[in-house]
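Peer 1: Before I ask anything, let me first share the structure, which is written out below as structure tokens.
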Amino acid sequence: MREQLPDFPWDALAPYGDIARSHPDGIIDLSQGTPVDPTPEFIQKSFRDASNSPGYPVTAGTPELRVAIKEWATHRLGASGEFDVLPLIGSKELVAWLPTILESRKVLIPKIAYPTYHVGALIAQAQSIEVEIDASTWPSADLAWMNSPSNPTGRTHSVEEIRACIQWARTNNSILVSDECYVEFDHTATSYSVLSQSGGDNRNILAVHSLSKRSSMAGYRAAFMIGDSVLIARIRELRKHGGMMVPLPVQKAMTVALGDDHHVAEQRSRYNSRRDVLRPALEAAGFHIEFSNSGLYLWCTRGEDAWESVDWLAHRGILATPGSFYGLAGARHIRLAMTATDEHIESAAHRLKA
């Protein structure tokens, strides 16, 4: 019998959302990290142009999308050697179902981590084990998750840390999956893909990417994986039987989005500017910012229980996420997302200073 799944964490945050909404100037929601900036028009146009789509899409992806992903992985990530690609219905579904697809029995997850890593292990009836970043301390397992830049902390793995993870996979003949969904949102740190450090030997290595934040396409559910050709063929076959197909209009939109870097640079600038506005206001209010030098979030603490910080902010109309959502190690931290308008970020900074 599968271990009972945890309560959906966001439900516990609802009462604090009610408090924040009662603020005279309304709520500023910095909790979930839902993009608010418009999907670029050229991406919307591609989606509209493909909307007459009466046939079934292909699980493996259109030839044009496959080429676009491979070219992007080569020039943007530094991928080399033999590798394959596969579109996904958003990255969360892959995180939740991959241990089941691979029949994993033991799954390693970061000590502070996106909660779906743990949930995916539970769905597969696998053992979920929290580990430190240093892979030399990892036990043997079927599957290990690496996340850089991290959600929630914004920490990036160094080249040496990534290579240690790869060495663990080689030594244990285990699968290493790198969640790199925020790799294009560096601020004061540099992010590296696991594929840039494999030396062209991509056996048992997968990298997961998403267009949700990169291209403001969260509503499209558009993501993809890159890596070991044999492993992806195995995953693709099961997904074909399960009908796990990315809709054709979404595949068309993904293709054009991956071919343009300009809109990504603009979005990165937006998120980084918002971080630069909010960070000093939080520090002036007594918060200490940790990491937060890549990705979309500020990870901070006032040395108190996370829910006390959430409550304090809610009474100022600001909704934050308690770090306990990401593991016991985050119980005295909060996460704030830069996925709010410039106006709302400025307003949040003013409320904190007041």
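Peer 1: Take the residues in segment 275-305 that are among the aromatic types (Phe, Trp, Tyr) and part of a loop (DSSP other than H, G, I, E, B), then tell me which one is surrounded by the fewest Cβ atoms within 10 Å (Cβ to Cβ).
Peer 2: Top of the filtered list is PHE291.
Peer 1: Okay, moving on. When you go through ARG275, ARG332, ARG302 one by one, which is the residue that is within 27 Å of SER210 (Cα to Cα) and of a type in the set (Lys, Arg)?
Peer 2: Checking each option against the conditions leaves just ARG275.
Peer 1: Quick one: in segment 61-81, of everything that is in contact (Cβ under 8 Å) with a residue 40 or more places away in the chain and polar (S, T, N, Q), which residue is surrounded by the fewest Cβ atoms within 10 Å (Cβ to Cβ)?
Peer 2: So the residue we want is SER80.
Peer 1: Given the conditions (1) of a type in the set (Val, Ile, Thr); (2) under 21 Å from VAL183 (Cα atoms); (3) in the same structural domain as CYS181 (by TED's automatic domain parsing), which single one is not true for THR59?
Peer 2: (2)
Peer 1: Okay, moving on. Among ALA121, ALA126, ALA144, which is in contact (Cβ under 8 Å) with a residue 12 or more places away in the chain, over 19 Å from the mean Cα position of the chain (by Cα) and surrounded by 19 or more Cβ atoms within 10 Å (Cβ to Cβ)?
Peer 2: Going through ALA121, ALA126, ALA144 in turn, the sole match is ALA126.
Peer 1: Can you find even one residue in segment 338-354 that is within 17 Å of the chain's Cα centre (by Cα), modelled with pLDDT of 95 or more and outside any loop (DSSP other than H, G, I, E, B)?
Peer 2: Scanning segment 338-354, I find no residue that is within 17 Å of the chain's Cα centre (by Cα), modelled with pLDDT of 95 or more and outside any loop (DSSP other than H, G, I, E, B), so the answer is no.
Peer 1: Please indicate, with yes or no, whether at least one residue in segment 6-18 is buried (at least 18 other Cβ atoms within 10 Å of the Cβ) and either in contact with an Asp or Glu (Cβ under 9 Å, 6 or more places away or on another chain) or among the hydroxyl-bearing types (Ser, Thr, Tyr) (or both).
Peer 2: Just the residues of segment 6-18 that are buried (at least 18 other Cβ atoms within 10 Å of the Cβ), to begin with: 13, 16.
Right, trim to either in contact with an Asp or Glu (Cβ under 9 Å, 6 or more places away or on another chain) or among the hydroxyl-bearing types (Ser, Thr, Tyr) (or both) and you get 16.
Looking for residues that are buried (at least 18 other Cβ atoms within 10 Å of the Cβ) and either in contact with an Asp or Glu (Cβ under 9 Å, 6 or more places away or on another chain) or among the hydroxyl-bearing types (Ser, Thr, Tyr) (or both), one finds at least one in segment 6-18, hence yes.
Peer 1: For residues in segment 217-260 being on the phi > 0 side of the Ramachandran plot and of a type outside the set (D, E, K, R), which is surrounded by the fewest Cβ atoms within 10 Å (Cβ to Cβ)? So that I can check it myself, show each step before the final result.
Peer 2: First, the residues of segment 217-260 that are on the phi > 0 side of the Ramachandran plot: 221, 227, 243.
Now drop any that are not of a type outside the set (D, E, K, R), which leaves 227, 243.
Working: GLY227: 29, GLY243: 8.
So, considering only residues that are on the phi > 0 side of the Ramachandran plot and of a type outside the set (D, E, K, R), the one surrounded by the fewest Cβ atoms within 10 Å (Cβ to Cβ) is GLY243.
Peer 1: Turning to a different aspect of this structure: Can you pull out every residue in segment 158-209 that is crowded, with 17+ Cβ neighbours inside 10 Å, closer than 24 Å to VAL230 by Cβ and of a type in the set (Asp, Glu)?
Peer 2: Selection gives ASP179, GLU180.
Peer 1: Additional query: Within segment 38-49, take every residue that is of a type outside the set (S, T, N, Q) and crowded, with 17+ Cβ neighbours inside 10 Å and give me the one that is farthest from ALA253 (Cα to Cα).
Peer 2: Among them, the one singled out is PRO40.
Peer 1: Further question: Kindly provide the set of residues from segment 173-189 that are touching an Asp or Glu at 6+ places or on another chain (Cβ under 9 Å) and not acidic (Asp, Glu), ordered by number. I'd like the intermediate steps shown before the answer.
Peer 2: First, pick out the residues of segment 173-189 that are touching an Asp or Glu at 6+ places or on another chain (Cβ under 9 Å): 174-175, 184, 187.
SER174, ILE175, HIS187 - these are the residues of segment 173-189 that are touching an Asp or Glu at 6+ places or on another chain (Cβ under 9 Å) and not acidic (Asp, Glu).
The values are calculated or read from the model by the stated rules, or taken from the named source; none is laboratory data. Keep in mind it's a predicted model, so treat the numbers as computed, not measured. Cβ: placed from backbone, ideal geometry, glycine included. Neighbour counts: every protein chain shown.
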